[in-house]
Amino acid sequence: QVQLAESGGGLVQPGGSLRLSCAASGSIFSIGAMGWYHQAPGKQRELVAVISSGGVTNYADSVKGRFTISRDNAKNTVSLQMNSLKPEDTAVYYCYADLRSSRFALRDDYWGQGTQVTVSS
C-alpha cells in the first residue's frame, strides 16, 4: 500500500512564504513524475507544478517566478517552496505521484489527503 503524506500548510500574510513537503511511503517500485495541485472552494483541482524523475519542471503560469518545486529521489519526497504568496493562492494543496507499486504493477497516480494554505491579512 502506498501513502503520500503532506506537511507545511498554514496561514500566511500576503507576500509571505510557505514550504510544502510530501513523502511517499509503502510499497514503491519506481516513481515517475511528482507534483502539486491545488483546489480552491468552488473550483476544479488545477496543476500547480510538476517535476519529472529527471528533474524537468513545469509550472502553472500563475505561479511562475514565485514557486519552486524540487524532489529528493533517494527519499521519495517532493517539496514546493512558495514565495510572494497572494490571497488567490488560497486553496487545499494536494501532492501526487505517478508510480509503480511493484515490478508487476502498471503506473498509477497516487494522491495525498491535502493541506490547507490560506493567504490572508
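The values are calculated or read from the model by the stated rules, or taken from the named source; none is laboratory data. These numbers were taken from a predicted model, which means no experiment stands behind them. When we count neighbours, we look across all protein chains shown, and the Cβ atoms used for this are built from the backbone with ideal geometry, even at glycine. In case anyone asks, the SASA skips ligands and DNA or RNA and just uses the protein heavy atoms, side chains included. Shrake-Rupley method; radii C 1.70, N 1.55, O 1.52, S 1.80 Å.
May I ask you to evaluate 6.51 cos²θ - 1.76 cosθ + 1.60, the Karplus curve with θ = phi - 60°, for each residue of the range 17-30 and list the ³J(HN,Hα) values in order in whole Hz, giving x for glycine and proline?
Residue by residue, the range 17-30 yields 10, 9, 10, 9, 10, 9, 10, 9, 9, x, 7, 10, 8, 7 Hz.
When only DSSP loop residues count, what trypsin sites (Lys or Arg not before Pro) in the range 1-56 have their Cβ near at most 12 other Cβ atoms within 10 Å?
Within the range 1-56, the qualifying trypsin sites (Lys or Arg not before Pro) (loop, at most 12 other Cβ atoms within 10 Å) are 43.
Please give the length that would be gained between residue 47 and residue 61 if that part of the chain were fully extended, namely 0.36 nm times their separation in residues minus their C-alpha to C-alpha distance (nm, one decimal).
Extending this stretch completely gives an extra 4.0 nm.
What is the ratio of the Cα radius of gyration of the range 52-121 to 2.2 N^0.38 Å, where N is its residue count, to two decimals?
Rg over 2.2 N^0.38 Å, computed on Cα atoms: 1.30.
Name the residue from 31, 65, 91 whose Cα lies farthest towards the positive end of the charge dipole of the range 25-113, charges +1 on Cβ of Lys and Arg and -1 on Cβ of Asp and Glu.
Among 31, 65, 91, the one farthest towards the positive end of the dipole of the range 25-113 is 31.
P(r) tail for the range 1-43, what percent of Cα pairs lie past 11 Å? Present the calculation step by step, with values, prior to reporting the outcome.
Working: 698 of 903 pairs.
The calculated P(r) of the range 1-43 puts 77 percent of pairs beyond 11 Å.
Peptides 61-68, 92-99: what's the order by average Cβ count within 10 Å, highest mean first?
Final packing ranking: 92-99, 61-68.
Using a 1.4 angstrom probe, figure out how much accessible area the chain has per residue, in square angstrom, rounded to the nearest whole. Walk me through the numbers on the way to the answer.
Details: 6630 Å² over 121 residues.
Per residue, the chain has 55 Å² of solvent-accessible surface.
What base-10 log of the normalised intensity I(q)/I(0) is obtained for the chain from the Debye formula, alpha carbons as equal point scatterers, at q = 0.11, 0.18 Å⁻¹?
Log10 of I(q)/I(0), two decimals: -0.34, -0.87.
Residue 83: net charge of surrounding residues, Cβ under 11 Å, Lys/Arg +1, Asp/Glu -1, itself excluded?
Computed value for this residue: +2.
Sequence gap at least 6, Cα distance under 8 Å: using those rules, report the relative contact order of the chain to the nearest whole percent.
37
Specify which residue in the list 80, 104, 41 is farthest towards the positive end of the charge dipole of the chain, using unit charges on the beta carbon of Lys, Arg (+1) and Asp, Glu (-1), about the Cα centre.
104
Note down the magnitude of the dipole of the chain about its Cα centre, charges +1 on Lys and Arg C-beta and -1 on Asp and Glu C-beta and zero elsewhere, to the nearest 20 debye.
Details: 11 positive and 9 negative charges, 36 e Å.
Charge dipole, the chain, about its Cα centre: 180 debye, nearest 20.
What percentage of the solvent-accessible surface of the chain, computed with a 1.4 Å probe over protein heavy atoms, is contributed by carbon and sulfur atoms?
Here it works out to 46 percent.
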